[in-house]
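**Student:** One structure is given below, represented as structure tokens, and several questions about it will come after.
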Amino acid sequence: MNQTNLYAQLEALPANMTGEIIDGQLIAQPRPAWPHCYTGSVLGADILPPYQKGRGGPGGWWIIDAPEIHFLRDVDVAVPDIAGWRRKRMPRPPRSHSCEVVPDWICEIASPSTEAIDRTKKMPLYARYGVQYLWLVKPLLKTLEIYQLNNGKWLNIDNYKDDDKVSAVPFQEIVIQLQDLWIVDEE
């Protein structure tokens, strides 16, 4: 199929769907469930002040929820849950709805319905284009996996779970309370 037509199909998806183009295939999924959104919101809220705003941290980053990244315009298009760019590599954010600068860090929040795509499609895509750091969070299992790109391959450099305190690359200057990322059923 013509890549232009594929991107037109992505743009035509209904508002309750998210779409990506990976390896020439349109992948459409329903909007994420509440645990997924909650985890992403809390993690972004922990990282954004010290890294984007410089409040209690070094600053120098753009941290964005669900950006549309065109690794190759209209051909390899992904929408990670959270992405970060060092400002020295991207001094100004794009003005359009999409970005063509490869992020330095990506976080995917995996659910039972998305984990296979995250691991088999998106992780290789991110490695191919040189994303340096990847976090894979699984809210239902209460885990966080940290990966660093090493010679074009992902190296799992650390794993966290439950209520661990996390100081991990590239955000090792702060401590993230992992338990804050999980929805706790209160009685």
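**Student:** Go over the candidates Pro58, Pro35, Pro14 one by one and state the one that is over 13 Å from the mean Cα position of the chain (by Cα) and closer than 30 Å to Val184 by Cα.
**Tutor:** Pro35
**Student:** Need the failing condition index for Ala116 against (1) free of Cβ contacts under 8 Å to residues at least 40 places away in the same chain; (2) in a loop (DSSP other than H, G, I, E, B), just the number.
**Tutor:** (2)
**Student:** Still on this model: Would you point out the residue of the range 27-46, among those that are touching a helix residue (DSSP H, G or I) at 6+ places or on another chain (Cβ under 9 Å) and part of a loop (DSSP other than H, G, I, E, B), that is farthest from Ser113 (Cα to Cα)?
**Tutor:** Here the residue is Arg31.
**Student:** Val102 versus (1) over 13 Å from the mean Cα position of the chain (by Cα); (2) assigned to a loop (DSSP other than H, G, I, E, B): which is the lone unmet condition?
**Tutor:** (1)
**Student:** Does any residue in the range 35-63 that is over 22 Å from Cys99 (Cβ atoms) and of a type outside the set (Asp, Glu) come within less than 6 Å, Cβ to Cβ, of a residue that is modelled with pLDDT of 95 or more and part of a helix (DSSP H, G or I) six or more places away or on a different chain, and which pairs are these?
**Tutor:** Taking only residues 6 or more apart or on different chains, the pairs are Thr39/Leu181; Val42/Asp180; Val42/Leu181; Arg55/Pro49; Gly56/Pro50; Gly57/Pro50; Gly57/Tyr51.
**Student:** Within the range 47-67, can you find the residues that are surrounded by fewer than 18 Cβ atoms within 10 Å (Cβ to Cβ) and not in a loop (DSSP other than H, G, I, E, B)?
**Tutor:** Taking the range 47-67 first, the residues surrounded by fewer than 18 Cβ atoms within 10 Å (Cβ to Cβ) are 49, 53-60, 65-66.
Of everything in the range 47-67, those that are surrounded by fewer than 18 Cβ atoms within 10 Å (Cβ to Cβ) and not in a loop (DSSP other than H, G, I, E, B) turn out to be Pro49, Lys53, Asp65.
**Student:** Of all residues in the range 75-89, how many are over 14 Å from Tyr129 (Cβ atoms) and over 14 Å from the mean Cα position of the chain (by Cα)? Before the answer, list the steps.
**Tutor:** The first filter runs over the range 75-89 and keeps only residues over 14 Å from Tyr129 (Cβ atoms), leaving 79, 81-82, 84, 86-88.
Add one more test, that the residue is over 14 Å from the mean Cα position of the chain (by Cα), and what stays is 86-88.
Residues flagged as over 14 Å from Tyr129 (Cβ atoms) and over 14 Å from the mean Cα position of the chain (by Cα) within the range 75-89 amount to 3.
**Student:** Would you be able to say whether some residue in the range 15-26 is surrounded by 17 or more Cβ atoms within 10 Å (Cβ to Cβ), out of contact with any Asp or Glu (no Cβ under 6 Å at 6 or more places or on another chain) and in a helix (DSSP H, G or I)?
**Tutor:** no
**Student:** While we're here: Looking only at the range 69-78, count how many residues are buried (at least 18 other Cβ atoms within 10 Å of the Cβ) and either of a type outside the set (Phe, Trp, Tyr) or at pLDDT below 95 (or both). Show your work before the answer.
**Tutor:** Let us first name the residues in the range 69-78 that are buried (at least 18 other Cβ atoms within 10 Å of the Cβ), namely 69-71, 76-78.
Filter once more, so that each one left must be either of a type outside the set (Phe, Trp, Tyr) or at pLDDT below 95 (or both): 69-70, 76-78.
Result for the range 69-78: 5.
**Student:** Residues in the range 75-86: is at least one basic (Lys, Arg), within 20 Å of Cys99 (Cα to Cα) and assigned to a strand (DSSP E or B)? Step through it out loud before you land on a result.
**Tutor:** Applying the first criterion (basic (Lys, Arg)) to the range 75-86 yields 86.
Okay, now just the ones that are also within 20 Å of Cys99 (Cα to Cα), so 86.
Right, trim to assigned to a strand (DSSP E or B) and you get 86.
There is at least one residue in the range 75-86 that is basic (Lys, Arg), within 20 Å of Cys99 (Cα to Cα) and assigned to a strand (DSSP E or B).
**Student:** Counting just the residues of the range 136-165 that are acidic (Asp, Glu) and part of a loop (DSSP other than H, G, I, E, B), which one comes out farthest from Gln177 (Cα to Cα)?
**Tutor:** From the range 136-165, those acidic (Asp, Glu) are 145, 158, 162-164; that's our starting set.
Next cut, part of a loop (DSSP other than H, G, I, E, B) only: 162-164.
Values: Asp162: 9, Asp163: 7, Asp164: 6 Å.
Top of the filtered list is Asp162.
**Student:** Could you please let me know if Leu125 is out of contact with any helix residue (DSSP H, G or I) (no Cβ under 6 Å at 6 or more places or on another chain) and either of a type in the set (Asp, Glu) or surrounded by fewer than 16 Cβ atoms within 10 Å (Cβ to Cβ) (or both)?
**Tutor:** Working: out of contact with any helix residue (DSSP H, G or I) (no Cβ under 6 Å at 6 or more places or on another chain): yes; either of a type in the set (Asp, Glu) or surrounded by fewer than 16 Cβ atoms within 10 Å (Cβ to Cβ) (or both): no.
No.
The values are calculated or read from the model by the stated rules, or taken from the named source; none is laboratory data. It should be emphasised that the depicted structure is a prediction, and the values quoted were computed from it without experimental measurement. As a convention, Cβ positions derive from the backbone with ideal geometry for all residues, glycine included, and neighbour counts pool all protein chains shown.
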